[in-house]
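Please read the structure below before turning to the comments.
The values are calculated or read from the model by the stated rules, or taken from the named source; none is laboratory data. Just so you know, these numbers come straight off a predicted model, no measurement behind them. FYI the Cβ positions are ideal-geometry reconstructions off the backbone, even for glycines, and counts take in every protein chain you see. Please note that ligands, DNA and RNA were not included when accessible areas were found on the heavy atoms of the full protein model with its side chains. Shrake-Rupley method; radii C 1.70, N 1.55, O 1.52, S 1.80 Å.
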Amino acid sequence: MEALRAKLDLIRRVEDEHRFGVVIAGPRPLRPIPELPDGVTEVFGLFSKLAGNFFSFVQPPEIAGPDAWEQRRSDPDCPLGDPLVIGYERYGMSPETLEDLEGGAPIRLDLRQGDVYYCDPDEYIFFYKHAEVEEIDTVDLAPDIVEFFDRFVLGPRYPELVERVLGPHAVTERDRKGRHRDSWTRLLEASGLL
């Protein structure tokens, strides 16, 4: 957790200096919830939102404490076992919609095993419509939330996250000035984390 805290302090300083246009929002109060996998409360105790052009990672409101968790809307028919949504891909959305929108295809946390993964929305819909299919394809990203944020969001495997969720074209996409189109990539590069 100290490594994550240090990386967040670093990217805050770099963002303040360069103004890439990312969001690094401070934490909101959380109370422990026994049903959550290890690390969830600790990670989201460091921030409430991290967002660039391609992804937004947001503290789920249902993890605020036991009362919020008890009121969580669960879906017993969810083909993925009713995971916790910890973020969204935002690729291709216009800058005007990025400010307040929390949407796009979700990045999920398995509440039983604690791993972080992505499921293509088309795969999810297909699985919902075809109950006879036994297994849904997912992109497994990390075995736990701490490794996911340390390596895939704030570290050297961020380009892999972009490629595995958005496709290889998104990793190398540039704007008219020749910069990476993704503001988070620019932030990580300037911070020396890529």
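What ranking, highest mean first, results for peptides 63-69, 112-118, 183-189, 173-179 when packing means the other Cβ atoms within 10 Å averaged over each residue?
Working: 63-69: 15.4, 112-118: 17.9, 183-189: 22.6, 173-179: 9.9.
Order by mean packing, descending: 183-189, 112-118, 63-69, 173-179.
Order these peptides, 27-35, 47-55, by their mean beta-carbon neighbour count within 10 angstrom, highest first.
Output ranking for 27-35, 47-55: 47-55, 27-35.
Return the FRET efficiency for the residue pair residue 151, residue 2: r is the Cβ-Cβ distance, R0 is 22 Å, and the value is rounded to the nearest 0.05.
With R0 = 22 Å, the Cβ-Cβ based efficiency is 0.90.
Taking only protein heavy atoms into account and a 1.4 Å probe, give the accessible area per residue of the range 1-55 in Å². Intermediate results must be reported in sequence, preceding the final value.
Numbers: 2890 Å² over 55 residues.
On a per-residue basis, 52 Å².
So, R0 is 25 Å and r is the distance between the beta-carbons of residue 16 and residue 111; what FRET efficiency does that work out to, to 0.05?
Values: r = 35 Å, r/R0 = 1.42.
Plugging the Cβ-Cβ distance into 1/(1 + (r/R0)^6) gives 0.10.
Calculated FRET efficiency, residue 177 and residue 28, Cβ-Cβ r, R0 35 Å, to nearest 0.05?
0.50
Within the accessible area of the range 33-74, what % is carbon and sulfur when the probe is 1.4 Å and the other protein chains stay in place?
Roughly 43 percent, rounded to a whole number.
Would you grab the residues whose amide H sits under 5 Å from the one on residue 55? Only those 5+ places off in sequence or on another chain, please, with H modelled 1.01 Å from N.
Under 5 Å from the amide H of residue 55: 90.
Given points 7 Å out from each Cα along the Cα-Cβ axis, report the residue 73 to residue 35 separation in nanometres with one decimal.
Placing both labels 7 Å beyond Cα along the Cβ direction yields 1.6 nm.
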